Amino acid sequence: MGVPCDDAVVIQAPEAAGGPSVISVSCPDKTGLGCDFCRVILFFGLSILRGDVSTDGKWCYVVFWVEERGGRPTPWGLLKKRLLAACPAVSVASGLHNFYYGPQELMLAERPPQVFLLKFSCYDRMGLLHDVTQVLCDLELIIRRVKVSTTPDGRVMDLFFISDTRELLHTKGRKEETCEQLRAALGDSMTNCEIEPANAQIVDCLQASPFLAPAITEELFNLELPEESPVGSPSSPSNISVKMDNSLSPSHTLIQILGCDHKGLLYDIMRTLKDYNIQVSYGRVYASRNGSCEIDLFVMQLDGKKILDPNKQRAVCSRLRMELFHPLRVAVMKRGPDKELLVANPVELSGKGRPLVFYDITLALKILEIRIFLAEIGRHVIGDREWEVYRFLLSDDFESCASQDKIVEGVTKMLMGWE
């Protein structure tokens with residue numbers, strides 16, 4: 001069986017204090033591979049300052065200059081393992097690198113992860129949900145859905161539907177490690193912790209639902225580029241430029257992008273191209289210290305041809321502009337007599353959600369000293385896209401800590417990485 005070569009991923013430490021680390025990847029190519037790499041890098045909380053991508057359609061070479069942000073130390077060895085896992089498998093027999101899977105077989109080889117139900121209860125306190133989320137992120141447990149509720153006596157009942165990046169949560173040791181880490185973070189307030197495989201009925205409930213209240217749909221899912229900037233945004237629609245040019249290459253379409261940098265920018269761009277089955281043959285990315293970014297991508301369709309259809313050109317450019325300017329939606333709305341924070345982000349066609357969204361939301365609310373009474377994650381189909389929607393019912397006294405606009409601004413800045 002083919003396996004990724006260990007030297008397919010090389011991570012170099014900064015040459016000087018405060019400088020970027022350099023990640024180099026050399027492996028077989030497949031459509032959407034750049035998106036997969038950027039997703040892993042985003043999951044580890046790293047920001048991409050520069051990037052170079054080149055491929056001949058069979059083999060690719062990628063270099064990213066990255067820096068740590070947010071104060072979380074990066075487990076570089078684990079990052080390398082996850083990047084290696086994202087590389088298509090190769091055979092190294094006789095010292096030669098050969099495809100173990102073709103592109104179509106690689107797509108078919110991906111299987112949905114097993115879902116587990118994590119149940120525990122404890123006494124409520126400020127920042128509790130974020131502290132739990134940080135433990136799960138550090139353990140590489142992916143939160144797929146959550147139901148958190150607070151009882152009148154101050155007890156919290158948590159139901160987390162999770163999958164394990166390491167695929168070990170079915171083992172006794174991994175379950176014990178998870179509960180021990182939660183107990184270490186929560187202390188004596190945690191009274192019980194159980195982990196069990198989610199049954200088929202529960203897994204079915206994780207699938208996208210077409211229903212969402214019309215008021216929420218109208219507030220969050222305006223698919224037209226807004227005239228005003230999101231709260232806290234350093235950018236405006238007039239500062240964003242996405243152009244296609246078919247005159248500079250006999251075989252590729254050039255996509256030129258100018259705009260404002262944000263956390264996960266390159267992931268948002270690569271995710272969009274992956275969803276449109278567009279392959280990047282060569283690309284260069286540069287994000288300046290003043291917050292602007294310049295990206296040049298030479299791309300082709302799966303059939304090896306340029307993007308010549310005017311309708312597809314307009315659709316791709318429009319989607320890219322939206323991803324640059326408004327990749328996540330944030331709002332505070334009424335929910336009966338209470339207030340609810342809502343955050344939405346698009347899901348990849350492969351079914352993968354955006355990394356660290358729940359982590360960033362709960363961190364922002366912890367900093368604002370706002371308690372969470374109820375939290376839910378669900379998936380919904382709006383138009384032709386699937387969205388992951390995060391809903392947080394805020395405690396009654398939240399207005400004593402921050403106004404609605406302050407909450408939207410704080411959450412948006414945390415999600416987008418804006419200082």
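The values are calculated or read from the model by the stated rules, or taken from the named source; none is laboratory data. Source: prediction; values computed, not measured. Note that each Cβ is placed from the backbone with ideal geometry, even for glycine, and that neighbours are counted across all protein chains shown. These accessible areas exclude ligands, DNA and RNA; they are computed on the full protein's heavy atoms, side chains included. Shrake-Rupley method; radii C 1.70, N 1.55, O 1.52, S 1.80 Å.
Being hydrophobic (A, V, I, L, M, F, W, C), open to solvent by 40 Å² or more (accessible area, probe 1.4 Å), touching a Phe, Trp or Tyr at 6+ places or on another chain (Cβ under 9 Å) and not assigned by the TED database to the domain that holds Gly353 narrows it down to one residue among Met190, Met157; which is it?
Only one candidate qualifies: Met157.
Could you list, in sequence order, all residues of segment 51-85 that are part of a loop (DSSP other than H, G, I, E, B) and open to solvent by less than 40 Å² (accessible area, probe 1.4 Å)?
Thr74
When residues of segment 141-154 are filtered for being under 16 Å from Val357 (Cβ atoms) and out of contact with any Phe, Trp or Tyr (no Cβ under 7 Å at 6 or more places or on another chain), how many remain? Write out each step before concluding.
Residues of segment 141-154 under 16 Å from Val357 (Cβ atoms): 141-146, 148.
Subsequent filtering for residues that are out of contact with any Phe, Trp or Tyr (no Cβ under 7 Å at 6 or more places or on another chain) retains 141-142, 148.
Matching residues across segment 141-154 total 3.
Would you check if Ile23 is out of contact with any Ser or Thr (no Cβ under 6 Å at 6 or more places or on another chain), closer than 17 Å to Ile295 by Cβ and open to solvent by less than 20 Å² (accessible area, probe 1.4 Å)?
No, not satisfied.
Can you name the residue in segment 96-121 that is part of a loop (DSSP other than H, G, I, E, B), modelled with pLDDT under 80 and open to solvent by less than 70 Å² (accessible area, probe 1.4 Å) and, of all such residues, is farthest from Ala8 (Cα to Cα)?
So in segment 96-121, the residues part of a loop (DSSP other than H, G, I, E, B) come out as 96-97, 100-102, 110-115.
Subset that is modelled with pLDDT under 80: 96-97, 100-102, 110-112.
If we keep only those that are open to solvent by less than 70 Å² (accessible area, probe 1.4 Å) too, we end up with 101-102.
Details: Tyr101: 17, Gly102: 18 Å.
Checked segment 96-121; the qualifying residue farthest from Ala8 (Cα to Cα) is Gly102.
For Lys306, indicate whether it is within 24 Å of Pro250 (Cβ to Cβ), part of a helix (DSSP H, G or I), modelled with pLDDT of 95 or more and charged (D, E, K, R).
Numbers: within 24 Å of Pro250 (Cβ to Cβ): yes; part of a helix (DSSP H, G or I): no; modelled with pLDDT of 95 or more: yes; charged (D, E, K, R): yes.
So Lys306 does not fit the description; no.
Kindly check whether there is at least one residue in segment 63-78 that is touching a residue at least 60 places away in the same chain (Cβ under 8 Å) and touching a helix residue (DSSP H, G or I) at 6+ places or on another chain (Cβ under 7 Å).
no
Test Ile370 against the stated conditions and say whether it is open to solvent by less than 10 Å² (accessible area, probe 1.4 Å), within 16 Å of the chain's Cα centre (by Cα) and at negative phi.
Answer is no for this residue.
Go through segment 321-376 and count every residue that is touching a Ser or Thr at 6+ places or on another chain (Cβ under 8 Å) and in a loop (DSSP other than H, G, I, E, B).
Residues flagged as touching a Ser or Thr at 6+ places or on another chain (Cβ under 8 Å) and in a loop (DSSP other than H, G, I, E, B) within segment 321-376 amount to 3.
Suppose we filter segment 122-141 for residues that are crowded, with 20+ Cβ neighbours inside 10 Å and either of a type in the set (Gly, Ala, Ser) or not in a helix (DSSP H, G or I) (or both); how many remain?
Qualifying residue count, segment 122-141: 2.
So the check is Cβ under 8 Å with 6+ separation or different chains; which pairs have a first residue in segment 34-53 that's without any contact (Cβ under 8 Å) to a residue 24 or more places away in the chain and of a type in the set (A, V, I, L, M) and a second one that's open to solvent by less than 10 Å² (accessible area, probe 1.4 Å) and outside any strand (DSSP E or B)?
none
Residues of segment 166-202 being assigned to a loop (DSSP other than H, G, I, E, B) and touching a helix residue (DSSP H, G or I) at 6+ places or on another chain (Cβ under 7 Å), which ones?
Across segment 166-202, the qualifying residues are Leu168, Leu169, Met190.
Could you list, in sequence order, the residues of segment 213-256 that are at pLDDT 75 or above and either touching a helix residue (DSSP H, G or I) at 6+ places or on another chain (Cβ under 7 Å) or at positive phi (or both)?
Selection gives Ile240, Val242, Met244.
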